Amino acid sequence: MASGGVSVASLWTEVNRCGQNGDYTRALKALTKILHENRDDLTALHCKVVCLVQNGSFKEALNVMNTHSKVLGSEVVFEKAYCEYRLNRVESSLKTIEAATEQTDKLKELHGQVLYRLERYEECKSVYTDLIRNSQDEYEEERKTNLAAVVAAMSQWEKTPIDDLGLPESTYELCYNAACALIGQGRLTEAFNKLQQAEELCRVSLTDDSDVTEEDIESELAVIHSQMAYIMQSQGRTDEALQLYNQVIKLKPSDVGLLAVTANNIITINKDQNVFDSKKKVKLTNAEGVEYKLAKKQLQAIDFNKALLAMYTNQADQCRKLSSSLQSQNPGHPRPVLIQVAQLCREKQHSRAIELLQQFSDQNPESASSIKLTMAQLYLVQGHVTKACDVLKSIDEFKRKAGMVSALVAMYSHEEDIDSAIDVFKQAIEHYQSEQPGSDAHLALVREAANFKLKHGRKKEAISDLDQLWKQNTNDVHTLAQLISAYSLVDTDKAKSLSKHLPSADAMSFNVDVDELENSHGATYVRKKAAKIIGENLPKEPGQGEIKKKKKKKKGKLPKNYDPKATPDPERWLPMRERSYYRGKKKGKKKEQIGKGTQGATAGASAELDASKTASSPPTSPRPGSASGSSTAAAAPAGVVPPRQQKPSASGATRKKAPQKKKKGGKGGW
């Protein structure tokens with residue numbers, strides 16, 4: 001009998017009934033009473049572990065299994081591995097599975113999940129392939145979905161070629177995974193069409209369920225829409241992608257991994273613009289449990305973007321801290337070093353940046369190519385063109401390529417180092433001569449080398465290149481002409497013998513209609529045609545020449561005060577000082593001083609205010625525009641300037657300027 005008078009049999013009946021109803025909390029109460037009677041009851045302990053797992057109490061279930069490990073033994077291997085998996089102790093879960101004496105189907109299923117989380121995709125693929133081949137139950141579709149997810153991950157993260165496994169696309173999960181695999185292959189248009197198909201399948205399957213609302217459907221479609229937005233972003237349709245990303249964010253899906261990826265992609269679209277929005281979005285990437293939902297490469301990309309965002313928001317210390325942490329986690333990856341270099345360049349520390357790049361290049365020769373390109377760019381920014389050329393020439397992977405040859409020649413030409421530029425051509429031509437003789441790339445380099453030498457007056461050095469080109473195509477008249485011109489400086493006999501191969505003048509003549517050519521669209525310089533005379537030209541009789549018209553002389557202008565009756569002054573042509581009646585200027589009479597003295601005052605006003613003059617003479621009446629002694633207030637004119645407050649003087653007092661009147665006839669003066 002159990003405590004309280006209830007029999008153990010009735011307690012087991014209660015456990016069985018609660019288990020069928022899914023009421024695991026009540027079942028645990030009954031099991032606790034049973035274990036109170038017999039703490040080593042194997043069946044009761046096993047049932048308790050199952051009930052705790054069903055309630056999500058994984059840590060408590062694991063404690064029960066560890067405490068009663070001797071009693072339970074191998075009975076709870078699956079439950080123990082599953083609890084470790086759910087507690088994100090993936091390595092421990094794998095050890096538990098591998099230590100099991102018997103590999104059941106459910107243990108294999110869990111094994112596949114653990115391998116997928118550890119990103120051991122090839123082993124995971126083998127596990128699911130074996131399960132599908134050797135099992136026949138209602139979970140076959142789920143296994144195929146998981147296998148499709150493994151194939152998609154291999155395509156995206158390992159760039160592994162995909163074998164056709166014959167997986168169906170009957171559900172939206174299978175269709176979505178197939179689209180992800182196509183994205184990994186770079187077939188974006190096909191992937192986008194596949195995602196549209198997955199969206200349609202999802203809507204159809206969920207609409208049939210009456211308990212599913214429209215919000216539930218949109219939440220389920222969020223992962224599909226986010227993937228569609230990624231394809232749009234990859235295709236350069238950033239505005240459409242950003243709109244779709246924001247729709248996903250507004251839905252607030254429960255999947256923290258989906259939110260983190262979507263927020264990260266929005267940050268990549270914003271770049272160094274709209275940094276405040278990016279700072280809001282970056283918080284979504286820090287949600288709890290994100291590290292268990294995403295692949296290592298996804299987490300790495302998010303961390304890189306966090307460091308870049310810190311740089312764009314001028315958080316130099318935070319940027320250095322994040323990039324240093326990334327470098328310690330990924331010692332051979334060039335991107336953390338490039339972020340540190342970018343931050344140093346923003347701080348104008350180019351020399352320190354170059355030292356950092358050189359150090360990383362020496363330690364990681366496999367990643368030296370991209371690092372050395374950045375070093376060359378920094379040298380160019382500082383104006384050290386020759387050093388940049390030396391760095392570029394040290395990149396064995398690129399130094400024979402046409403683009404690198406072109407860059408080196410352009411930079412050496414800028415430095416007027418023609419010999420070094422010709423040496424670059426020489427090394428590249430020798431490489432193609434031994435590896436790909438007669439190829440298009442080889443002949444293109446030879447032609448460019450010949451043109452370069454001719455351009456810089458090195459005709460003698462261009463002979464071998466031109467001779468090689470002409471032998472490849474003896475019908476090339478342009479190359480032959482260049483070759484003859486070059487030989488004319490070295491060997492005139494050779495030039496004459498080669499000139500025999502030139503086509504004759506008749507053969508080189510072209511039937512060109514000059515008039516049609518000049519009148520054609522795009523002709524810039526067109527000679528003017530003589531104007532045609534309309535009508536017949538009649539012959540002139542002798543003696544009938546054209547009579548020249550006589551020009552009429554214009555009458556001279558007379559002065560305004562001209563009097564025809566008066567006799568003009570005979571001395572009018574002489575200067576005034578040289579005339580007999582000139583008496584010079586009159587002196588002694590001074591003009592009235594107008595405009596001198598106090599602003600706005602006149603001589604008359606000054607005399608009026610002089611007390612010494614008021615006794616002998618009455619005051620003069622005020623003239624328009626002069627200051628008046630009247631106390632009557634007059635209307636202010638339209639041009640009065642309001643008082644302007646001036647800066648306080650040293651004593652702290654503030655002076656104000658009185659309003660003044662504008663002078664009549666003045667040009668804006670006050």
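The values are calculated or read from the model by the stated rules, or taken from the named source; none is laboratory data. All values derive from a computational prediction rather than experimental measurement. For neighbour counting, all protein chains shown are included, and Cβ atoms are generated from backbone atoms with ideal geometry for every residue, glycine included. Quick note on the areas: whole protein, heavy atoms, side chains included, nothing else; ligands and nucleic acids left out. Shrake-Rupley method; radii C 1.70, N 1.55, O 1.52, S 1.80 Å.
With an 8 Å cut-off on Cα pairs and a minimum separation of 6 or more residues, tell me the relative contact order of the stretch 139-258 in percent. Computed over the stretch 139-258, the figure is 18 percent.
Just so you know, the Rg over Rh for the stretch 29-95 is 0.98, from Cα atoms, with Rh as the Kirkwood radius. Computed 3J(HN,Hα) for the stretch 272-289, one whole-Hz value per residue from the Karplus formula 6.51 cos²θ - 1.76 cosθ + 1.60 where θ = phi - 60°, is 8, 9, 6, 5, 5, 5, 5, 5, 6, 5, 5, 5, 5, 7, 9, 5, 5, x, glycine and proline marked x. For the stretch 323-339, backbone phi angles converted through the Karplus equation (6.51, -1.76, 1.60; θ = phi - 60°) give residue-by-residue couplings of 5, 5, 4, 5, 5, 5, 6, 10, x, x, 7, x, 5, x, 5, 5, 5 Hz, Gly and Pro being listed as x.
Spherically averaged projected area of the convex hull of Cα atoms, the stretch 1-141: 9.5 nm².
For the stretch 117-272, what does the alpha-carbon gyration tensor say about shape, rounded, prolate or oblate, given a ≥ b ≥ c as the root eigenvalues, a/c under 1.5 as rounded, and a/b over b/c as prolate?
Oblate is the answer for the stretch 117-272, as a/c is 1.5 or above yet b/c matches or exceeds a/b.
Charging the Cβ of each Asp and Glu at -1 and of each Lys and Arg at +1, and nothing else, the dipole of the stretch 379-445 about its Cα centre rounds to 160 debye. Size descriptor for the stretch 150-201, Kirkwood hydrodynamic radius: 10.8 Å (Cα pairs only, one decimal). Between the stretch 200-258 and the stretch 33-86, the C-alpha centres lie 40 angstrom from each other. Heavy-atom accessible surface of the stretch 360-477, averaged per residue, reaches 54 Å², computed with a 1.4 Å probe.
What the phi angles of the stretch 459-468 give under the Karplus curve with 6.51, -1.76 and 1.60, with θ = phi - 60°, is a coupling list of 5, 4, 6, 7, 4, 4, 5, 5, 5, 5 Hz, glycine and proline written as x.
A crude spin-label estimate for the pair residue 12 and residue 215, with each label 7 Å from Cα along the Cβ direction, gives 4.7 nm.
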